[in-house]
1. Output the residues belonging to segment 67-85 that are of a type in the set (S, T, N, Q) and surrounded by 10 or more Cβ atoms within 10 Å (Cβ to Cβ).
2. Looking only at residues that are open to solvent by 100 Å² or more (accessible area, probe 1.4 Å) and hydrophobic (A, V, I, L, M, F, W, C) in segment 1-51, which one is farthest from the chain's Cα centre (by Cα)?
3. Would you check which residues across segment 54-66 are surrounded by 11 or more Cβ atoms within 10 Å (Cβ to Cβ) and out of contact with any strand residue (DSSP E or B) (no Cβ under 6 Å at 6 or more places or on another chain) and list them?
4. I'd like to verify a number: residues in segment 35-77 that are among the hydroxyl-bearing types (Ser, Thr, Tyr) and not in a loop (DSSP other than H, G, I, E, B), how many?
5. Working carefully through the options Asp22, Asp43, find the one that is among the acidic types (Asp, Glu), within 30 Å of Arg2 (Cβ to Cβ) and touching a residue at least 24 places away in the same chain (Cβ under 8 Å).
Amino acid sequence: MRTINGTAKTRCKAIEGLIITDLKGNHALPLPRCYTQSEIPVDNCPLPPVLLEMPSLKEAIDEMHEYMPDVPVGLLIGSNCPKALQPQRVIPNAGNGLFAVKYV
């Protein structure tokens, strides 16, 4: 496994033919070869209370899926699937603040 933090060896399985959609079942997108990982750690997940403190991002709250802390992240899509990472909408930052990006 190679990430921005370095390279490490880990056991995994390769999966072919995976197709993803949005939460409404639209926008089907086939993924390139995927690899299993026993867990995907998630840090810094923006939550609505944080966004409420940033006037420029309040409009993004209505488009966020409900945060469910007990549901683990099951898929991490990287730069090897640029079609899934193509921005559909960008809410720019205000000064040096955060910004929001809506993907397919």
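1. If we filter segment 67-85 for residues that are of a type in the set (S, T, N, Q), which is where we start, we get 79-80.
Asn80 - this is the single residue of segment 67-85 that is of a type in the set (S, T, N, Q) and surrounded by 10 or more Cβ atoms within 10 Å (Cβ to Cβ).
2. It comes out as Met1.
3. Applying the first criterion (surrounded by 11 or more Cβ atoms within 10 Å (Cβ to Cβ)) to segment 54-66 yields 54, 56-61, 64.
Scanning segment 54-66 gives Met54, Ser56, Lys58, Glu59, Ile61, Met64.
4. Start the filter on segment 35-77 by keeping residues that are among the hydroxyl-bearing types (Ser, Thr, Tyr), which leaves 35-36, 38, 56, 67.
Right, trim to not in a loop (DSSP other than H, G, I, E, B) and you get 35, 56.
Here the count works out to 2.
5. Checking each option against the conditions leaves just Asp22.
The values are calculated or read from the model by the stated rules, or taken from the named source; none is laboratory data. Bear in mind that the values here come from a model prediction, so they are computed numbers and not experimental data. All Cβ positions, glycine included, derive from the backbone under ideal geometry; neighbour counts span all protein chains shown. Ligands, DNA and RNA are stripped out before the accessible areas are found, and what is left, the full protein with its side chains, is counted by its heavy atoms. Shrake-Rupley method; radii C 1.70, N 1.55, O 1.52, S 1.80 Å.
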